[in-house]
């Protein structure tokens, strides 16, 4: 590993910009992501910064069973995120549809049909600490040595 | 609506200020907003369609997942409607425990709403303070019910688990702590000069238009309408509940109503803890057939379930009317019309505490 | 009409709102009151009303009825002025007032009230079917 790569890894490990997109959840996972911002979990001590701008994000948190309104749009949001990027499915809904995947509903899970998902955090809803550890594990597995892996 | 306009500014579906996807198309002339159209459909899951034909044991969990922020009240209204249809009595201790769980849920929801508002007007300090005490409320909710968000605490005929004596003491101790902090933060909001500049006189919702759009909850109470479904609830009546009303009609009044209601909720929990007498927490009964329209007061306002059940306790027909439907409608068609700049649209929208997951179900 | 960025066809999503239980019952009642078919009324609503207002229609209708719509004017109440122009904004206020004025002229000219109201309903129907 070159020196440049090591510098890149070091910088990236302390600067993760997170964007979240709600594709039809019950809000339960949303507020658990918001709770991550609370001083108790102190997300910024890990260098994670949550805002809602896909164009400067590294990690996309996907929440909710996939509703039909998002059909073309989620792909567009995903394309706007610059490389290196990773998507994390938060909660049961994006993984399997959860309670909403029944006959007669308007959802189309799983989300991995539409965009590539790097990590999944099951739970209805998962705890903020679990969301936090998922983001941190993405940092070590996807972003570390990204240029090397590309070759 | 097909209309030709000068300039239209779409906000959303992904926007830093909105927690959930909604698309506001604001028609503007200069900086002034003259009209707005809302585009939903990003959260339509069809929960009511899934609920049809399922037994109450399943619908109970689905009802909770209509909205994650106010899950306890959805659970409570659905279960109380089933109880009313079947004539099931609730033991007094369980009724008080329901009030405690519901008020804790209301507290965390109001704190989240005020957090969102402070975050939107870029007063991040106060926002983080509020989010910090919200975690303490979430702890109490978890200690009481066993889960942070979707707790399924209320079941027909009572509640799922009892409160232990030592938990009671912890709860009242932490309520004291929360009230002390809350008082400080409410004062910060009330007297903050920059907050007042950013909130007073913005997003006016007059009483007349509030009545026309059938606005409910804190949004209505900030416009001087004393409507609160808790005044009709038997347990709350025993606790001598009175709604909080303000006449400001603006963003500031809406947020202050929520601060006042937080103190009122703390009072209600204390009263219920005092009134808690030993006894059973689960009654019994059989779910029967019937039709009922039943309302309860969610953190955002009046929540109505129209339910028809059959003799096996299955839900034959259901319609949920959530408070956010009315509030967002009033917000987009009355509140943000005529605000001075497009920057005030987001703060006016967030001050009504919109919940898109509720609205679309 | 101005072109929106990322515009998508909302008809199917608006239709999904209208087929919910309470909405469906209300629209059937309104359609039989006006004498138009349910499909025509749905089409008109989908074209003219935005999504949040569609969701709010039952609540607005109930609020309008509870507020005693047109309690002081029996002709306007028969026509449903407040309900169709303010409660559920199907028809612009001004147009409704014009229709009401025409009916009142007819009543003054000596035609019986039910007949005049029926003529007014026909005018409302014309607006919807146009």
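The values are calculated or read from the model by the stated rules, or taken from the named source; none is laboratory data. This is a predicted model, so every value here is computed, not measured. Cβ placement follows ideal geometry from the backbone for every residue including glycine, while neighbour counts extend to all protein chains displayed.
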Just the residues that are within 7 Å of another protein chain (Cβ to nearest Cβ) and in contact (Cβ under 8 Å) with a residue 24 or more places away in the chain, please, taken from the range B:14-26. B:15, B:19, B:20, B:21
Residues of the range A:73-90 that turn out to be without any contact (Cβ under 8 Å) to a residue 12 or more places away in the chain and within 12 Å of chain B (Cβ to nearest Cβ), as a count: 2
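Being modelled with pLDDT under 85 and in a helix (DSSP H, G or I) is the requirement here; does residue A:147 meet it?
Values: modelled with pLDDT under 85: yes; in a helix (DSSP H, G or I): yes.
Criteria met by residue A:147.
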Residue B:84: in contact with a strand residue (DSSP E or B) (Cβ under 8 Å, 6 or more places away or on another chain) and either within 14 Å of residue B:320 (Cβ to Cβ) or within 11 Å of chain A (Cβ to nearest Cβ) (or both), yes or no? no
What are the residues in the range A:56-71 that are at pLDDT 85 or above and farther than 24 Å from residue A:13 by Cα, if any? A:64, A:65, A:66, A:67
Under 13 Å from the mean Cα position of the chain (by Cα), more than 19 Å from residue B:12 (Cα to Cα), more than 12 Å from chain B (Cβ to nearest Cβ) and part of a loop (DSSP other than H, G, I, E, B): does that describe residue A:138? no
Given (1) more than 25 Å from residue A:27 (Cβ to Cβ); (2) within 25 Å of the chain's Cα centre (by Cα), identify the lone condition not met by residue B:304. (1)
Of everything in the range C:31-73 that's assigned to a helix (DSSP H, G or I), in contact (Cβ under 8 Å) with a residue 24 or more places away in the chain and out of contact with any helix residue (DSSP H, G or I) (no Cβ under 7 Å at 6 or more places or on another chain), which residue is nearest to the other protein chains (Cβ to nearest Cβ)? C:48
Does residue A:95 qualify as being under 14 Å from residue A:131 (Cα atoms), in contact with a strand residue (DSSP E or B) (Cβ under 9 Å, 6 or more places away or on another chain) and modelled with pLDDT of 85 or more? no
Residue B:353 fails exactly one of (1) more than 14 Å from chain A (Cβ to nearest Cβ); (2) surrounded by 20 or more Cβ atoms within 10 Å (Cβ to Cβ), namely (1)
Matching residues, the range A:38-54, being in a loop (DSSP other than H, G, I, E, B) and either away from chain B (no Cβ under 11 Å) or within 11 Å of residue A:131 (Cβ to Cβ) (or both): A:41, A:47
May I ask you to verify whether residue A:125 is closer than 28 Å to residue B:115 by Cβ, touching a residue at least 60 places away in the same chain (Cβ under 8 Å), touching a strand residue (DSSP E or B) at 6+ places or on another chain (Cβ under 8 Å) and in a loop (DSSP other than H, G, I, E, B)? yes
Just a yes or no: is a residue in the range B:153-175 under 19 Å from the mean Cα position of the chain (by Cα) and touching a residue at least 12 places away in the same chain (Cβ under 8 Å)? yes
Tell me the helices (runs of 4 or more DSSP H) entirely within the range B:125-222 that contain at least 3 residues that are modelled with pLDDT of 90 or more and surrounded by 15 or more Cβ atoms within 10 Å (Cβ to Cβ). B:165-191
The range A:15-30, residues that are surrounded by fewer than 21 Cβ atoms within 10 Å (Cβ to Cβ) and either at the interface with another protein chain (Cβ under 7 Å from one of its Cβ atoms) or more than 12 Å from the chain's Cα centre (by Cα) (or both): A:15
Being outside any loop (DSSP other than H, G, I, E, B), surrounded by 15 or more Cβ atoms within 10 Å (Cβ to Cβ) and either within 14 Å of chain B (Cβ to nearest Cβ) or on the phi < 0 side of the Ramachandran plot (or both) is the requirement here; does residue A:93 meet it? yes
Search result, residues across the range B:27-47 that are within 12 Å of chain C (Cβ to nearest Cβ), surrounded by fewer than 22 Cβ atoms within 10 Å (Cβ to Cβ) and in contact (Cβ under 8 Å) with a residue 60 or more places away in the chain: B:28, B:35, B:46
Selection within the range B:311-325 - modelled with pLDDT of 85 or more and in contact with a helix residue (DSSP H, G or I) (Cβ under 9 Å, 6 or more places away or on another chain): B:314, B:315, B:317, B:318, B:319, B:320, B:321, B:322, B:323, B:324, B:325
Go through (1) within 14 Å of chain B (Cβ to nearest Cβ); (2) free of Cβ contacts under 8 Å to residues at least 40 places away in the same chain; (3) more than 25 Å from residue B:358 (Cα to Cα) one by one and return the number of the condition residue A:57 breaks. (2)
Can you tell me which residues in the range C:75-84 are in contact (Cβ under 8 Å) with a residue 12 or more places away in the chain and either part of a helix (DSSP H, G or I) or under 17 Å from residue B:37 (Cβ atoms) (or both)? C:75, C:76, C:78, C:79, C:81, C:82, C:83, C:84
